[in-house]
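> Encoded as structure tokens, here's the structure I'll be asking about.
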Amino acid sequence: MAVYQGIGFRVFLAMMAVSAAVCWRNVGPSSGWTGWTVAWFTASLVPAIPTGPILRRVPRRWFRVSAFERVLLLMLGAGAFAWLLDASGWNRRVVEPLRGFSGTKGGLAWLEQSARSSVVAHGACFAIHALLAVAALYARHPWRGALMMLLPGVALHLYPVLVQRLLMYRLQPLLDQQGAYHPGEIPAAVARPRKTPTQETQCQKPTGFFGRVTLRRMNASHSKLTDWGLTHVRVEPGFAVLDVGCGGGRTVCKLAAMAGKGDRPGKVDGIDFSEESVAASRRYNAQAVQTGRVEIFLAGVENLPFVECTYDLVTGVETHFWWADIAAALREIRRVLKPGGTLVLIAEVYKGADALASRLCERAAPVTGMKMLTPDEHREALAAAGFADVQIDAIAKKGWITAQGRK
């Protein structure tokens, strides 16, 4: 965040403020140019607001969220707005990498600190919009000008505040169980918010409440990527398929539908080393599990509980960059493939892509422990594990990549 406190960024903010003032003076607050300029200025201002001194002086109890407020927040649509941020991929691609939440109990205090900082910063920016809306009432076209000033502030700042308040309500009982710290004190977990690469995140190994939320998000956000990735391989009726790192189970469901067409019902297995993921995947595919067409196992990719030459196809969606030993995992996958069987790895981030998510993941890799590979490194890894006919397809602007090889 140091870049947002630098002289260069402050000059940029000053230029944006001057631009907004010029638009206000020349075309008035009712103009779309003025509204857009003010919105851009306040959105850029959020990370530059020094929230630390404020949080050190304001008692933590002042931020507590009551049950009544939670009901009010839901009535105002804060839950729907949070869902929209998840469904759009904003949280996964922008918020989560920047926030650096470790996904562990020790990181809860840091997550709550981050939420309070967001409330302060967005609240201050919404106050700017509200004051400008009041000022617009004394200009030409007062109501239109007031709305032009206020509505962007509602979307950009007020609803993010409401979403953070909902998050804080969920965190309160978890932090209370750990023992509330002194109102003005910043705990050790906040003083050292970044995790080490050996710690597991919710994306890597979902657990508990936050894990279930993550799995639901994965099912929604990975669907289009999975559909694109599966166009690169052949899934015939009667195929035996293994999905490695099955997560919430939606990919298993897609594969079961593809392999179950015709008179030859295929079989799809899924493995994951997260108990939460195994349970979620079984729930998502409950009917297919009952009929025996789908089976989910608790296992790690480096030690698959299957005999040699079992599967026609092995898939891995958004998972291989979390593997502890990619080389060993690829050799183990090749062992369980039938001769001529195919492995396809599918991901929406890779090293060297032009997409924002890929660049953020590259920057955060020393913290998250993600193993970001270039397309050439994907090719080399599969070839070194003994795969033939290795093919790579990458879309740099999206950051999407598939890596496939044949046994």
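> Output the number of the condition that residue 274 fails; it satisfies all remaining conditions of (1) surrounded by 19 or more Cβ atoms within 10 Å (Cβ to Cβ); (2) closer than 20 Å to residue 404 by Cα; (3) touching a residue at least 60 places away in the same chain (Cβ under 8 Å).
Checking residue 274 against (1) surrounded by 19 or more Cβ atoms within 10 Å (Cβ to Cβ); (2) closer than 20 Å to residue 404 by Cα; (3) touching a residue at least 60 places away in the same chain (Cβ under 8 Å), the one that fails is (2).
> Which is within 26 Å of the chain's Cα centre (by Cα), crowded, with 19+ Cβ neighbours inside 10 Å, not aromatic (Phe, Trp, Tyr) and not assigned by TED's automatic domain parsing to the domain that holds residue 329, of 246, 203?
Selected residue: 203, the only one of 246, 203 that is within 26 Å of the chain's Cα centre (by Cα), crowded, with 19+ Cβ neighbours inside 10 Å, not aromatic (Phe, Trp, Tyr) and not assigned by TED's automatic domain parsing to the domain that holds residue 329.
> Right, here's the next one. Considering 345, 373, which residue is touching a residue at least 40 places away in the same chain (Cβ under 8 Å), aliphatic (A, V, I, L, M), surrounded by 16 or more Cβ atoms within 10 Å (Cβ to Cβ) and not in a loop (DSSP other than H, G, I, E, B)?
345
> Let me ask something additional. Give the residue, chosen from 300, 270, 292, 260, that is assigned by TED's automatic domain parsing to the domain that holds residue 240 and on the phi > 0 side of the Ramachandran plot.
On inspection, the qualifying residue turns out to be 292.
> Here is a further query. State yes or no: is residue 111 surrounded by fewer than 21 Cβ atoms within 10 Å (Cβ to Cβ) and either of a type in the set (Asp, Glu) or under 20 Å from the mean Cα position of the chain (by Cα) (or both)?
So residue 111 does not fit the description; no.
Residue-wise test of (1) of a type outside the set (Val, Ile, Thr); (2) at pLDDT 95 or above; (3) in contact with a Phe, Trp or Tyr (Cβ under 9 Å, 6 or more places away or on another chain).
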residue: 228; (1), (2), (3): yes, yes, yes
residue: 237; (1), (2), (3): yes, no, no
residue: 275; (1), (2), (3): yes, no, no
residue: 288; (1), (2), (3): yes, no, no
residue: 292; (1), (2), (3): yes, no, no
residue: 299; (1), (2), (3): yes, no, yes
residue: 302; (1), (2), (3): yes, no, yes
residue: 315; (1), (2), (3): no, yes, no
residue: 332; (1), (2), (3): yes, yes, no
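> Would you confirm, using the coordinates I've provided, whether residue 129 is part of a helix (DSSP H, G or I), more than 17 Å from residue 165 (Cβ to Cβ), in the same structural domain as residue 164 (by TED's automatic domain parsing) and at pLDDT 75 or above?
Spelling it out, residue 129 is indeed part of a helix (DSSP H, G or I), more than 17 Å from residue 165 (Cβ to Cβ), in the same structural domain as residue 164 (by TED's automatic domain parsing) and at pLDDT 75 or above.
> Name every residue in the stretch 312-340 that is hydrophobic (A, V, I, L, M, F, W, C) and assigned to a loop (DSSP other than H, G, I, E, B), in order of residue number.
323, 324
> Okay, next question. Would it be correct to say that residue 227 is surrounded by fewer than 23 Cβ atoms within 10 Å (Cβ to Cβ), outside any strand (DSSP E or B) and within 26 Å of the chain's Cα centre (by Cα)?
yes
> Only one of 208, 238 is at positive phi, surrounded by fewer than 16 Cβ atoms within 10 Å (Cβ to Cβ) and more than 24 Å from the chain's Cα centre (by Cα). Can you tell me which?
238
> Starting from residues that are surrounded by 16 or more Cβ atoms within 10 Å (Cβ to Cβ) and among the β-branched types (Val, Ile, Thr), keep the ones in the stretch 15-47 and report whichever is nearest to residue 118 (Cα to Cα).
46
The values are calculated or read from the model by the stated rules, or taken from the named source; none is laboratory data. Predicted model, so just to flag it, every value in this text is computed and none were measured. Positions of Cβ are generated from backbone atoms using ideal geometry, with glycine treated the same way; all protein chains shown enter the neighbour counts.
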